[in-house]
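Working notes, beginning with the structure itself.
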Amino acid sequence: MSIRRSAASALLASALGTVPLAAQGQGVVIEWGVHGTVTVASDTLGLVLGPRAAFRSVGGTRLALSLGAGIRGDRSTGRGTVALEYVLTPRATKRTGVYIGGGLVGVVGGGKGGYLMAYAGLERSPGLPSGWAVEAGLGGGFRIRAAYHWRRFPRGFLPGS
């Protein structure tokens with residue numbers, strides 16, 4: 001098994017195990033939304049749009065899954081991601097929160113292949129029931145993502161300020 005494949009397998013196993021373990025006894029924040037991702041690799045521009053879902057511990061660890069369909073250059077493409085994120089201020093209600101993340105990207109059609117990705121983002125009030133998010137990073141080229149999320153909090157969740 002190659003080093004790249006081993007690293008990807010370890011990241012995926014970590015992502016799938018971390019959120020449920022971190023959330024035991026605390027409840028899980030369920031998030032869903034829509035996103036648009038723009039990628040620039042070499043001289044090729046790509047744009048995909050689609051749904052996103054995430055499961056976040058009240059402590060800030062988030063497992064995010066997203067799909068997208070769109071174009072890359074002059075070809076149609078599809079993109080799926082699985083990412084592990086950490087929200088630095090998960091209960092913020094009156095300010096923009098910061099998060100960092102990394103994960104795996106699979107692309108079919110134009111730009112097919114798999115990539116590792118790393119990014120940082122801003123999210124409007126992660127302690128409220130909805131808000132926008134923007135992020136920038138690397139993964140199959142330079143990428144920028146804009147999204148709108150809706151959230152369902154566990155019973156007893158108390159947002160901060």
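Remarks
- Some residue of the range 74-82 being in contact with a Leu (Cβ under 6 Å, 6 or more places away or on another chain) and among the hydrophobic types (A, V, I, L, M, F, W, C): yes
- Number of positions in the range 66-118 that are aromatic (Phe, Trp, Tyr) and in contact with a Ser or Thr (Cβ under 7 Å, 6 or more places away or on another chain): 1
- Residues of the range 63-96 satisfying the condition of being within 30 Å of Gly110 (Cβ to Cβ) and either touching a Cys at 6+ places or on another chain (Cβ under 6 Å) or among the basic types (Lys, Arg) (or both): Arg72, Arg75, Arg79
- For the range 72-120, the set of residues classified as basic (Lys, Arg) and closer than 20 Å to Ala53 by Cα consists of Arg79, Arg91, listed by residue number.
- Selected residue [under 16 Å from Pro90 (Cβ atoms), surrounded by 19 or more Cβ atoms within 10 Å (Cβ to Cβ) and touching a strand residue (DSSP E or B) at 6+ places or on another chain (Cβ under 6 Å)] from Gly121, Gly127, Gly140: Gly121
- Cross-chain or 6+ apart pairs with Cβ under 7 Å, the range 53-77 first and closer than 30 Å to Leu88 by Cα, then part of a strand (DSSP E or B) and of a type in the set (Asp, Glu): Ala53/Glu31; Ala54/Glu31; Arg56/Glu31; Arg62/Glu85; Ala64/Glu85
Here's the yes/no breakdown for (1) of a type outside the set (S, T, N, Q); (2) not in a strand (DSSP E or B):
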position: Pro51; (1), (2): yes, no
position: Arg56; (1), (2): yes, no
position: Leu65; (1), (2): yes, no
position: Thr77; (1), (2): no, no
position: Ala83; (1), (2): yes, no
position: Thr89; (1), (2): no, yes
position: Tyr99; (1), (2): yes, no
position: Glu123; (1), (2): yes, no
position: Trp150; (1), (2): yes, no
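Computed from the coordinates by the stated procedures, all read-outs in this text should not be read as laboratory data. The model shown is predicted, which means the values in this text are computed figures rather than measured ones. Here Cβ is always computed from backbone atoms with ideal geometry, including for glycine, and neighbour counts include all displayed protein chains.
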